[in-house]
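One structure, pasted below without further comment.
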Amino acid sequence: MTELLGAFARLAPIMVWAALATAVTMAAAVVLERAEFGVQQALDHRLLQRYRPLVHRALEGDDTARDELLHAPARHRITIAWLLIEPLIADRDPARIANARAVVQAMSLFHIADRYLGSRLWWRRARALRALGLIQATDYTPQLVAALDDPHPDVRAAALDGLTDMHDLRALEAIVVRVNDTSLHRGRRGAALKVFGSACEPFLLELSELDPANRLNYIQALAICGTARSRPVLCRWTRDTRLEVRATAFEALAYVGLDDESARVVIKGLESDDPPVRAMAAYALRGWQGPGDAAARLAPHLDDTWAVAVQAARTLQSMGPAGSVELQARASRPDIGGLLARQMLWQASAPR
Amino acid sequence: MSFLRDGLIAFSLLITAYFLLWNVSQIAMSPLAIRSLWRDRLRNTRRARGLAGGVAVPRFVSIVAPAYNEELTIVESLRALLAVDYQPREIVIVNDGSTDGTLALMQETFQLVPAPLAFDQPLPSAPVRGVYRSVSEPDLVVIDKHNGGSKADAANAGINAASGVLVLVIDADTILEADALGRAVLPFLEDPATVAVGGHVGIANGCRIERGRVTDVALPRSWLARFQIIEYMRAFLLFRLACASQNAVVLISGAFGLFRRDAVIAVGGYDRTAIGEDIDLTIRLQRHFRARGEPVRIGFDPNPLCWTQAPEDWRSLRSQRCRWRRGLLQTLWRYRRMIGNPRFGTVGLFPLPYIAFFEGLGPLLEVGGYVVTIVAAAFGFLNWKYCGVMIAVSVLFGVAVTLLAVLLNDVTSRQYMRGRDLALLAAVATLESFGYRQLNSLWGCVGTVQAMTGKGGWGSMKRKAFRP
């Protein structure tokens, strides 16, 4: 033990100095980081004050302002590009986008984008892809499509964001075939389909026939961008052997909307043995006021399993007088179905 | 005598090694934390955050806030919730049998009326007495229930009534940042394996709050609150961020936790018998999915997503810390089979053994170390120089670790922008090691005794109205 204490005594000065050095380094890092931030903020403030009015005027077509921007020092160009492009995230006015693109073109800022696209640093590639999408630089569509296969997930996400903002129909096929690509963020795939809307529909319908293994994904996509054209196919997929596919097909029909024929299929779906299918069939009838005894067929499902009962109640609420009659008929009952009916009736008449 | 001498010296050396190891491990975690922060900064751009609004089917979020005797803060907190800029969402306030004017105040302010509300009750909770909807705020639902004796019980009732795909469980006095939901929803849109997301919780004491928003961040006057601010920074921005970088988050703070509702229901919701219901639920989620070999991700946003009040009196703080301690020990005992178990991946191999060693044993070793070293020095077995070195090394490393957390906090959120505040934080980081830390360890020992004897309740916290 004495030897151990001796060893400790020998190490003690080193430990104290090491601890002191670490503490001083951290304190210095805090001070230096804050100082650097202050300087950077001051510089940014100066540049923004100088260029913001110029960018504003240039976007409104002022040639003098544009000339001044063209003669800005090269080291200020990133700031100018940011001033031009960043507002386009919220403001997707086509005229503003076109003006911004023209200024970017005139200032040769695309060279910076080219450099960034070839960079080894993933965040530079991602930044360039998002910027190109925001200004709808359609000359770059092939590069953005190619970036969907970038090894870095955030670059792939940025490429998808870029293509969504770009809205170039040439990219449509590339986006649709990646509906099954789980390496791309799910939400982003949906957002892209939403932007392209019904233009995706023919591809999706074709793929849902050709690629049954991934039919579920195509149906989910049709729920985002499908139209009346999808109805017959979706009705067919409500008879698929897979439970998930059948339920999702009914869900997609809810988004697409029903006609008399599809309503008949949906009403029949209420008799399915599988609760998820019944729930989605009930959901698909939301707002339906056409022929058929949909409300009367739905009402018994207020006593079904919870997931089905909720959908049935909300749908009855949306069906107008026919739904109200069924809800009122059950509202006096003390069970959960009765409570659901009372809730729907209360919500429909609540003072707002 | 020689045996006693050797024993005391060995224990002192062991404690020194423990202190060194703890501080070095914290510093060693910093590259992981910094990498995580850097990555978040690069990818969490304004355009990327826009996804929550641009997505084809926006995720419906139910904000569940259990409230028990919150009359001082409930109106302000509710206004903040209603001002959250995320749609679609609903707010479910669970009045957990409050004995003060919480419900009456809400009824009066938000024009609540009794309304029928049917919901499934997959999670256990005390009986519901009534349901109210607001005439002025259509998104507001108030569940009035019997007191279930725990936040877990109230949260379960709120989750039962929630109709969202995602449920955000917060404390009733939590003040959300305007973009908190938009940020927290993002991981769910990106990765379908995401089951929960937590965030950095800031301390609202000393901050200016206007219309339910923190508009000016400043350090509080109370030293007790200041110490807690740097404690929170250390906890959120070092260990938790390092865990997040390895997909091994084991604690989503009760003040802000966004969960996939079906996942919470699948694991049985909050455990009403758990003292630390937040850590218990997080670990249960990890265990449930990992044991089945299913992909699971629990995210963590390093930016402050919400603000909460820290206790400013010794009594409340002591009771809170003892409760946390009991909760931690209970959780470690319940999930002891996961500790060091490779079946649970990084969760079993990294955070749980770390917590068990440094947080489970920490207070006992620390207090024991102080006592034994002083006794050994008093009996002349150790010289006072040794004690001085031990204290100097642990204090200096402790200060370094805290300053690192202050640095990370500054880089992430620029919360305390006044130079004076930053200098004060550095001073707090130093002073914390002289008394506050030791007191915390002592409370840890008290909590351990309470856990072993089955004593100690939830305790109460003296609340203050938010400063306008």
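Tell me which residues, restricted to the range B:205-241, are of a type in the set (A, V, I, L, M), in contact (Cβ under 8 Å) with a residue 60 or more places away in the chain and part of a helix (DSSP H, G or I). Working first, answer last.
Of the residues in the range B:205-241, the ones of a type in the set (A, V, I, L, M) are B:209, B:214, B:217-219, B:224-225, B:229-230, B:233, B:235, B:237-238, B:241.
With in contact (Cβ under 8 Å) with a residue 60 or more places away in the chain added as a condition, the list becomes B:209, B:214, B:217-219, B:224-225, B:229-230, B:233, B:237-238, B:241.
Within the range B:205-241, B:Leu224, B:Ala225, B:Ile229, B:Ile230, B:Met233, B:Leu237, B:Leu238, B:Leu241 qualify.
Out of (1) over 22 Å from B:Val128 (Cα atoms); (2) open to solvent by less than 10 Å² (accessible area, probe 1.4 Å); (3) outside any helix (DSSP H, G or I); (4) of a type outside the set (Asp, Glu), what's the single condition that is false for B:Leu189?
Here B:Leu189 meets the rest and fails (3).
Something else about it: Just name the residue that is surrounded by the most Cβ atoms within 10 Å (Cβ to Cβ) out of those in the range B:325-346 that are in contact (Cβ under 8 Å) with a residue 12 or more places away in the chain and more than 28 Å from B:Val446 (Cα to Cα).
My answer is B:Phe344.
Within the range B:161-179, identify whether any single residue is among the polar types (S, T, N, Q), in contact (Cβ under 8 Å) with a residue 60 or more places away in the chain, in contact with a Lys or Arg (Cβ under 8 Å, 6 or more places away or on another chain) and buried (at least 23 other Cβ atoms within 10 Å of the Cβ), and answer yes or no. Give the derivation first.
Restricting attention to the range B:161-179, the residues satisfying the condition of being among the polar types (S, T, N, Q) are B:163, B:174.
Within this subset, residues satisfying the condition of being in contact (Cβ under 8 Å) with a residue 60 or more places away in the chain are B:163, B:174.
When the remaining residues are screened for being in contact with a Lys or Arg (Cβ under 8 Å, 6 or more places away or on another chain), the result is none.
So far as the range B:161-179 goes, no, none of its residues is among the polar types (S, T, N, Q), in contact (Cβ under 8 Å) with a residue 60 or more places away in the chain, in contact with a Lys or Arg (Cβ under 8 Å, 6 or more places away or on another chain) and buried (at least 23 other Cβ atoms within 10 Å of the Cβ).
Of the numbered conditions (1) assigned to a helix (DSSP H, G or I); (2) surrounded by fewer than 23 Cβ atoms within 10 Å (Cβ to Cβ); (3) touching a residue at least 24 places away in the same chain (Cβ under 8 Å); (4) more than 9 Å from chain A (Cβ to nearest Cβ), B:Arg420 satisfies every one except a single condition; which is it?
Here B:Arg420 meets the rest and fails (3).
Pick from B:Ala244, B:Ala263: which is surrounded by fewer than 21 Cβ atoms within 10 Å (Cβ to Cβ), modelled with pLDDT of 90 or more, hydrophobic (A, V, I, L, M, F, W, C) and outside any strand (DSSP E or B)? It would help to see each step written out before you state the result.
On the way: B:Ala244 fails: surrounded by fewer than 21 Cβ atoms within 10 Å (Cβ to Cβ).
None of the other options fit; the residue is B:Ala263.
Further question on the same structure: Of (1) open to solvent by 60 Å² or more (accessible area, probe 1.4 Å); (2) in contact with a helix residue (DSSP H, G or I) (Cβ under 6 Å, 6 or more places away or on another chain); (3) away from chain A (no Cβ under 12 Å), B:Arg43 satisfies all except one. Which?
(3)
Can I ask one more? Which condition does B:Gly53 not pass, out of (1) within 14 Å of another protein chain (Cβ to nearest Cβ); (2) surrounded by 16 or more Cβ atoms within 10 Å (Cβ to Cβ); (3) out of contact with any strand residue (DSSP E or B) (no Cβ under 8 Å at 6 or more places or on another chain), if it passes all the others?
(2) is the only condition that B:Gly53 fails.
If you don't mind, another one. Taking the condition of being of a type in the set (Ser, Thr, Tyr) and surrounded by 17 or more Cβ atoms within 10 Å (Cβ to Cβ), how many residues in the range A:204-244 meet it? Before you say what the answer is, go through the steps one by one.
Quick first cut of the range A:204-244, residues of a type in the set (Ser, Thr, Tyr) only: A:208, A:218, A:227, A:230, A:238, A:241.
Keeping just the survivors that are surrounded by 17 or more Cβ atoms within 10 Å (Cβ to Cβ) gives A:208, A:218, A:230, A:238.
Selection size over the range A:204-244: 4.
Follow-up. Do we have A:Ala329 as over 21 Å from B:Arg133 (Cβ atoms), more than 12 Å from chain B (Cβ to nearest Cβ), in a helix (DSSP H, G or I) and open to solvent by less than 10 Å² (accessible area, probe 1.4 Å) here?
Working: over 21 Å from B:Arg133 (Cβ atoms): yes; more than 12 Å from chain B (Cβ to nearest Cβ): yes; in a helix (DSSP H, G or I): yes; open to solvent by less than 10 Å² (accessible area, probe 1.4 Å): no.
So A:Ala329 does not fit the description; no.
Do we find that B:Pro66 is in a helix (DSSP H, G or I) and not aliphatic (A, V, I, L, M) in this structure?
Considered against the rule, which asks whether it is in a helix (DSSP H, G or I) and not aliphatic (A, V, I, L, M), B:Pro66 comes out as no.
Say we look at the range A:182-203 and pick out the residues that are open to solvent by 20 Å² or more (accessible area, probe 1.4 Å) and either at pLDDT 90 or above or touching a Cys at 6+ places or on another chain (Cβ under 7 Å) (or both); which of these is nearest to the other protein chains (Cβ to nearest Cβ)? Write out each step before concluding.
Of the range A:182-203, the ones open to solvent by 20 Å² or more (accessible area, probe 1.4 Å) are A:182-183, A:185-186, A:189, A:194-195, A:198-199, A:202-203.
Remaining after also requiring either at pLDDT 90 or above or touching a Cys at 6+ places or on another chain (Cβ under 7 Å) (or both): A:189, A:194-195, A:198-199, A:202-203.
Numbers: A:Arg189: 9, A:Lys194: 4, A:Val195: 8, A:Ser198: 13, A:Ala199: 15, A:Pro202: 18, A:Phe203: 16 Å.
Among those residues, the one meeting the criterion is A:Lys194.
Taking the condition within 14 Å of chain B (Cβ to nearest Cβ) and under 30 Å from the mean Cα position of the chain (by Cα), does A:Pro334 pass?
It is false that A:Pro334 is within 14 Å of chain B (Cβ to nearest Cβ) and under 30 Å from the mean Cα position of the chain (by Cα).
Can you find even one residue in the range B:29-39 that is in contact with a helix residue (DSSP H, G or I) (Cβ under 6 Å, 6 or more places away or on another chain), at pLDDT 85 or above and within 11 Å of another protein chain (Cβ to nearest Cβ)?
Scanning the range B:29-39, I find at least one residue that is in contact with a helix residue (DSSP H, G or I) (Cβ under 6 Å, 6 or more places away or on another chain), at pLDDT 85 or above and within 11 Å of another protein chain (Cβ to nearest Cβ), so the answer is yes.
Sticking with this structure for a sec: Among the residues of the range A:245-284, write down those that are under 21 Å from A:Ala331 (Cα atoms) and crowded, with 24+ Cβ neighbours inside 10 Å. Don't jump to the end; show me each part of the working.
Restricting attention to the range A:245-284, the residues satisfying the condition of being under 21 Å from A:Ala331 (Cα atoms) are A:279, A:282-283.
A:Ala279, A:Ala282 - these are the residues of the range A:245-284 that are under 21 Å from A:Ala331 (Cα atoms) and crowded, with 24+ Cβ neighbours inside 10 Å.
Additional query: Would you mind listing the helices (runs of 4 or more DSSP H) fully within the range A:177-230 where at least 3 residues are out of contact with any Phe, Trp or Tyr (no Cβ under 9 Å at 6 or more places or on another chain) and within 19 Å of A:Asp165 (Cβ to Cβ)?
Working: elements: A:186-196, A:201-210, A:215-225.
Because the criterion is at least 3 residues that are out of contact with any Phe, Trp or Tyr (no Cβ under 9 Å at 6 or more places or on another chain) and within 19 Å of A:Asp165 (Cβ to Cβ), the helices (runs of 4 or more DSSP H) in the range A:177-230 that meet it are A:186-196.
Let me ask you something else. Quick check: anything in the range A:304-316 of a type in the set (Gly, Ala, Ser), free of Cβ contacts under 8 Å to residues at least 60 places away in the same chain and touching a Pro at 6+ places or on another chain (Cβ under 8 Å)? Don't jump to the end; show me each part of the working.
Here is the first cut: in the range A:304-316, the residues of a type in the set (Gly, Ala, Ser) are A:307, A:309, A:312-313.
Now restrict to residues that are free of Cβ contacts under 8 Å to residues at least 60 places away in the same chain: A:307, A:309, A:312-313.
Subsequent filtering for residues that are touching a Pro at 6+ places or on another chain (Cβ under 8 Å) retains A:307.
Yes - at least one qualifying residue is present in the range A:304-316.
Can you name the helices (runs of 4 or more DSSP H) wholly within the range B:330-390 that have at least 1 residues being farther than 21 Å from B:Ala274 by Cβ and either modelled with pLDDT under 85 or in contact with a strand residue (DSSP E or B) (Cβ under 7 Å, 6 or more places away or on another chain) (or both)?
B:362-378
For the range A:1-15, give me each residue that is within 7 Å of another protein chain (Cβ to nearest Cβ) and at pLDDT below 80.
Let us first name the residues in the range A:1-15 that are within 7 Å of another protein chain (Cβ to nearest Cβ), namely A:1, A:4-5, A:8, A:12, A:15.
Correct list: A:Met1, A:Leu4, A:Leu5, A:Phe8.
For the range B:376-391, how many residues meet the condition of being under 19 Å from B:Leu4 (Cβ atoms) and either open to solvent by less than 90 Å² (accessible area, probe 1.4 Å) or among the acidic types (Asp, Glu) (or both)?
8
Exactly one of (1) open to solvent by 40 Å² or more (accessible area, probe 1.4 Å); (2) in contact with a Lys or Arg (Cβ under 9 Å, 6 or more places away or on another chain); (3) within 20 Å of A:Gly290 (Cα to Cα) is unmet by A:Gln347. Its number?
(3)
From the residues in the range B:401-417 that are part of a loop (DSSP other than H, G, I, E, B) and open to solvent by 10 Å² or more (accessible area, probe 1.4 Å), which one is farthest from the other protein chains (Cβ to nearest Cβ)?
Quick first cut of the range B:401-417, residues part of a loop (DSSP other than H, G, I, E, B) only: B:414-417.
Remaining after also requiring open to solvent by 10 Å² or more (accessible area, probe 1.4 Å): B:414-415, B:417.
Numbers: B:Arg414: 7, B:Gln415: 12, B:Met417: 9 Å.
Result: B:Gln415.
Mind listing whichever residues of the range A:47-75 are exposed (fewer than 11 other Cβ atoms within 10 Å of the Cβ) and either on the phi > 0 side of the Ramachandran plot or part of a helix (DSSP H, G or I) (or both)?
Residues satisfying the conditions are A:Gln49, A:Gly61, A:Asp63, A:Thr64, A:Ala74, A:Arg75.
Next question. Only one residue in A:Asp149, A:Asp161 is closer than 21 Å to B:Glu190 by Cα, open to solvent by less than 20 Å² (accessible area, probe 1.4 Å) and acidic (Asp, Glu). Which one? Spell out how you get there, then give the answer.
Numbers: A:Asp149 fails: open to solvent by less than 20 Å² (accessible area, probe 1.4 Å).
Being closer than 21 Å to B:Glu190 by Cα, open to solvent by less than 20 Å² (accessible area, probe 1.4 Å) and acidic (Asp, Glu) holds for just one of A:Asp149, A:Asp161, which is A:Asp161.
Here's something else I'd like to know. Name the single residue, out of those in the range B:1-20 being free of Cβ contacts under 8 Å to residues at least 40 places away in the same chain and within 19 Å of B:Leu396 (Cβ to Cβ), that is farthest from the other protein chains (Cβ to nearest Cβ).
Per the criteria, the residue is B:Ala17.
For the range A:16-25, what are the residues that are at the interface with another protein chain (Cβ under 7 Å from one of its Cβ atoms) and open to solvent by 30 Å² or more (accessible area, probe 1.4 Å)?
Within the range A:16-25, the subset at the interface with another protein chain (Cβ under 7 Å from one of its Cβ atoms) is A:16, A:19-20, A:22-23.
The answer is A:Val16, A:Leu20, A:Thr22.
The values are calculated or read from the model by the stated rules, or taken from the named source; none is laboratory data. All values reported here derive from a predicted model rather than from experimental measurement. Here Cβ is always computed from backbone atoms with ideal geometry, including for glycine, and neighbour counts include all displayed protein chains. Surface areas here come from the heavy atoms of the whole protein model, side chains and all, with no ligands, DNA or RNA. Shrake-Rupley method; radii C 1.70, N 1.55, O 1.52, S 1.80 Å.
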